[in-house]
Amino acid sequence: MSNPFEIVSVNAIMVLDSRGNPTIEVEVETNDGMGVGIAPAGASRGKREAVDLRDGGKAFGGMGVQKAIESVRKYIAPAIIGMNSFYFREVDRAIIQLDGTPNKSRLGGNATTATSIAVINAAANTAGTPLFEFIGGRRARILPTPMMNIINGGAHAGNELAIQEFMIVPVGADTFFDAIRIAVEVYKQLKNELKTKYGAGAINVGDEGGFAPPMKETREALNALVEAIKSAGYGEGDVMIALDAAASQFFESGDGVYKIDGRVLSPGDLVEYYSGLVDEYPIISIEDPFSEDDPAHFAELRRKVAGKVLIIGDDLTVTRASIISEMISEGAVDGAIIKVNQAGTITEAEEAIEVLHLNNKRAIISHRSGETEDVTIAHLAVGYGTGLIKTGAPARGERTAKYNELLRIEAYLGGEAVYLGKKAFF
Ligand code: PGA
Ligand code: ZN
């Protein structure tokens, strides 16, 4: 009898991401099931991330993925057909070996990511279990505390905010359902207030579904959040604030300074700047507060805000276990963002999560600013019990797809579902 998990076919086509750019969708068939994976795409990418294979040239402004499709059809498919998808890590290893580069530049990070996601989905489908359960078994029951980006700046918006993401975190909710309800109420409140204050144009949304109002300064955005939280009827015990500075984007490498709020700050000044914000606002975490080449200042800020605010790496750590270990030993981070396509395979993302958890650090499963209807990350958050997810505002279909899948998982788990709220951070 043939093995139900045996990979029998692998195919790839082009689909579009949420910014209207081409991306790659891979479909993997086993003897007894199938799975699909679609690669997302970032706009503020770290230097050490896996790189996508793009066609260049005129079509799609150079963003075409025919080369990545070729890479799946010509190289990856022949290497993994006949393999056992149940052992998805072995399949990923074969892909990693075939690529042979540190950043997936031969096969393309988009090709390897979509394939790896398709393989694990095919394995779960063949097993007849939801993906989160295939990964985490009966132990998987923690719904993540969502970090929801509702004001967009930086590379995700056309305004002057240097900081890329202003997130609300429903820390005081009792269930994931409740967290979504609270977040939606605050989001709607913010929408009304922005419209009144800045006019109808201010409620257009950025890439991750947050509003992109014509604000100039960090405090303007933070005040708007605090106001919306308050007028929705909540306080600090219910909803806190998380920031993703994505500081490499406003770092001027020539002069070694940061341009923020119309000012020019040295790294030391920026430490003071963040400390000031932390004293004034209910901030629970700050991601990428400094450039990806400056772990020393991550560590300095981390020492200053210890016990109160978590310092998180993203461009700094790029979902690579070895870099994460290094950053932990340098005292630079309390946790890291996990993006499958920064690494290029599920297996490598899993190793990154394990290094974090074994060191009692936080792993935050994350979307990219260019997303699709693929909901795999919702399952990764529950399957690996990270307790934390970043997947945008409760708006735009590619963002709500993830929240909706988490609501389904919560309903499926029934009374066994757990929501940790603030305890997922500290
Ligand atoms: P990106 O940004 O997906 O545009 O790279 C997301 C982030 O920095 O967290
Ligand atoms: Zn980030």
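What follows is calculated from the coordinates using simple rules that are stated; it is not laboratory data. Because the structure is a prediction, the values reported are computed rather than measured. A quick note on method: Cβ atoms are made from the backbone with ideal geometry, for glycine too, and the neighbour counts reach across all protein chains shown.
Counting Lys +1, Arg +1, Asp -1, Glu -1, what net charge surrounds N192 among other residues with beta carbon under 12 Å of its beta carbon? Here the count lands on +1. If you plug the beta carbon distance of D269 and K47 into 1/(1 + (r/R0)^6) with R0 = 25 Å, you get a FRET efficiency near 0.55. Relative to the longest principal axis of the C-alpha atoms of the chain, give the angle of the C-alpha long axis of helix 218-231, reported between 0 and 90° and rounded to the nearest 10°. Approximately 90 degrees, to the nearest 10. Label separation (K423 vs A411): 2.6 nm, computed from points 7 Å beyond Cα along the C-beta direction. With the charge dipole of the range 189-260 set up from +1 on Lys and Arg Cβ and -1 on Asp and Glu Cβ about the Cα centre, the Cα lying farthest toward the positive end among the listed residues I241, V226, Q189 is that of Q189. In the range 310-393, a dipole from Cβ-located charges (positive for Lys and Arg, negative for Asp and Glu) runs towards its positive end, and of L310, T391, H379 it is L310 whose Cα lies farthest in that direction. Computed over the chain with a Gaussian network model linking Cα atoms closer than 10 Å, the most mobile of G397, G331, G56 is G56. What does a probe at K230 reach in the range 129-167, counting residues whose amide N is under 19 Å from the point 7 Å along Cα→Cβ? Counting backbone N atoms under 19 Å from the label point, the list is 151, 167.
Where in the range 1-42 does the label zone of N404 land, with the point 7 angstrom along Cα→C-beta and an amide N cut-off under 16 Å? Within reach of a label on N404, which here means backbone N under 16 Å from a point 7 Å along Cα→Cβ, the range 1-42 contributes 18. Helix 397-413 against the longest principal axis of the chain: what's the angle in degrees, Cα atoms only, rounded to the nearest 10? The angle comes out near 70 degrees. Using a/c under 1.5 as the rounded threshold, could you call the chain rounded, prolate or oblate? The axes a ≥ b ≥ c are square roots of the C-alpha gyration tensor eigenvalues, and prolate needs a/b larger than b/c, oblate otherwise. It comes out prolate by the Cα gyration axes. Comparing Cα centroids, the range 53-85 and the range 265-329 end up 36 angstrom apart.
Counted by Cβ distance under 14 Å from K259, the other residues give a net charge of -4, where Lys and Arg count +1 and Asp and Glu count -1. When only the Cβ of Lys, Arg, Asp and Glu is charged (+1, +1, -1, -1), the dipole of the chain relative to its Cα centre reaches about 340 debye. Got a sec? Charge dipole of the range 20-97, +1 on Cβ for Lys and Arg, -1 for Asp and Glu; which of S85, A59, Y75 is way out at the positive end? Looking along the dipole axis, the top candidate is A59. At an R0 of 60 angstrom, the distance between the Cβ atoms of N360 and K58 translates into a FRET efficiency of 0.75. Computed over neighbours whose Cβ is under 12 Å from that of N341, the net charge equals -2, Lys and Arg +1, Asp and Glu -1.
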